[in-house]
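J.: One structure, as structure tokens, below. Some questions next.
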Amino acid sequence: MVDVIGAAGLLGTATDAEMLAVRLGHAQRLGNMGWAEWHMHTGETVWSEQVYAIFGRDPHQGPIALPDLAEHVEPGDAAALDRLLWSVLQGDERVQAEFRIRRGLGDLRDLRVVLEPLAGPGGPVGMHGVIQDITGRRRAERMVSESRRQLLEAREQAAEERHVMLALREAILPAPAGCLDLPHTGIAVRYVPAEKTANLGGDWFEATPTPDGRLLLAIGDVSGHGLPAISRMAQLRHALVGLTMTGQAANRLLDWLNDLVLHQLCDTTATAVIGHLDPRTRVFAWAQAGNMAPILVRDGTARHLDQPRGVLLGAVSGRPYELAMTKLMPGDVLLMFTDGLVERRTRGIDTGLALALAAAHRVQGHDLDAGLDRLLADIGGPNPEDDACLLGVGILA
């Protein structure tokens, strides 16, 4: 009976040892790591099974002896191996290092090696430790580092492009100068660039006296974004300034601009509101091409002007544009704007227009600059997706 119990105990011990070995081997494979020992006095080298896999070596070849290890290390990392081996034999503490090995043509692997001395009566007699293949980790880190570098370069390039585009826009769209200080009329303009660099677009404005004493007021938006849109915007705006010298009404100017877009600016559409303000009669004669109607602020109340018929520039040919006449009164404020002011990806355009109307009633002609700034803040600030133009005209007493 005792013999049976003893045999069972021995069997259980053997089974436990086998299970432990299996689990240890499984852990080494999962961590892609193994253990190794080098004995200097006997020359004996012992590797676990996983170290053979890490080095891509057939176990029948046996482990690599310590003097031959450097032959398998990438030449640029040989100094790291030398320092590791020197350090472990000079002290009694664990040391570690990383270096690369080549295991076949083009197969470069990153290893992390942790070693400690095997102590003997007269000092270290060898070393043992753990070898881990960290190639996947290092590749992932290099990929992350390269992605960060590329992202930084892209951000720097985007910032440079934004600077160039904004400088170009400022050259094309200078702020209204002192020549617009007309009797009983105040003017303020805001160009609000999109928050995202790639979405700087073709919004524009114009406010300039005409030879007959009227004031040309216009805003518009050319389709697209980036330098192509800015270039087409410049062509359209410069054409308008030239056509204004004819003295023709705003709806006739839109007829000509529509022909220009159709025949010269291929695959382009544009919106616009163009009008002439006579400072003597205070009549604003205006027309629109696919743009939202201006807002009139009178006696603390804001409303949209009734919109005359007019199609998008570049959409169709031969559709005449209507001319509307609006009599302005002392104290009135006229607000002309492009759709980037009220449109947002996160809300409907009706909501944006309601916000603009609610904010507009506080804009006063004698303090237009501050009024426009407040209005922009009240409707949510710059549009992340699109730029906008806002032109305010105050009729002073």
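The values are calculated or read from the model by the stated rules, or taken from the named source; none is laboratory data. Just so we're clear, the structure is a prediction, and the values are computed from it rather than from any experiment. Reconstructed Cβ throughout: ideal geometry from the backbone, glycine too, with neighbour counts over all protein chains shown.
J.: Assuming Lys196 fulfils every condition listed in (1) at pLDDT below 85; (2) closer than 18 Å to Gly310 by Cβ apart from one, which condition is it?
T.: (2)
J.: For the stretch 345-397, how many residues are in contact with a Phe, Trp or Tyr (Cβ under 7 Å, 6 or more places away or on another chain) and hydroxyl-bearing (Ser, Thr, Tyr)?
T.: Number of matching residues: 0.
J.: For the stretch 254-274, which positions are in contact with a Pro (Cβ under 8 Å, 6 or more places away or on another chain) and of a type outside the set (A, V, I, L, M)?
T.: The one that is in contact with a Pro (Cβ under 8 Å, 6 or more places away or on another chain) and of a type outside the set (A, V, I, L, M): Asp255.
J.: Looking at the stretch 320-338, I want the residues that are on the phi > 0 side of the Ramachandran plot and have a partner that is among the acidic types (Asp, Glu) and in a loop (DSSP other than H, G, I, E, B) with Cβ atoms under 7 Å, at least 6 apart or on another chain. Which pairs are those?
T.: Listed pairs, sorted by first residue: none to list.
This table checks each residue for (1) loosely packed, with under 11 Cβ neighbours inside 10 Å; (2) without any contact (Cβ under 8 Å) to a residue 60 or more places away in the chain; (3) in a helix (DSSP H, G or I).
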{"site": "Leu84", "(1), (2), (3)": "no, yes, yes"}
{"site": "Arg109", "(1), (2), (3)": "no, yes, no"}
{"site": "Val130", "(1), (2), (3)": "no, no, no"}
{"site": "Arg148", "(1), (2), (3)": "yes, yes, yes"}
{"site": "Glu153", "(1), (2), (3)": "yes, yes, yes"}
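J.: Please enumerate the residues belonging to the stretch 103-141 that are more than 16 Å from Thr45 (Cβ to Cβ), at pLDDT below 90 and in contact with a helix residue (DSSP H, G or I) (Cβ under 7 Å, 6 or more places away or on another chain).
T.: Arg103, the sole residue that qualifies.
J.: From the list Leu227, Leu215, which residue is exposed (fewer than 15 other Cβ atoms within 10 Å of the Cβ), in contact with a Leu (Cβ under 8 Å, 6 or more places away or on another chain) and touching a residue at least 60 places away in the same chain (Cβ under 8 Å)?
T.: Leu227
J.: Output yes when any residue across the stretch 262-281 is assigned by TED's automatic domain parsing to the domain that holds Asp306, under 37 Å from the mean Cα position of the chain (by Cα), surrounded by fewer than 21 Cβ atoms within 10 Å (Cβ to Cβ) and of a type in the set (Asp, Glu), and no when none is.
T.: Yes, that holds for at least one residue.
Here is a yes/no grid of residues against (1) modelled with pLDDT of 90 or more; (2) in a strand (DSSP E or B); (3) on the phi > 0 side of the Ramachandran plot:
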residue: Leu24; (1), (2), (3): no, no, no
residue: Glu37; (1), (2), (3): yes, yes, no
residue: His41; (1), (2), (3): no, no, no
residue: Gln50; (1), (2), (3): yes, no, no
residue: Ile64; (1), (2), (3): yes, no, no
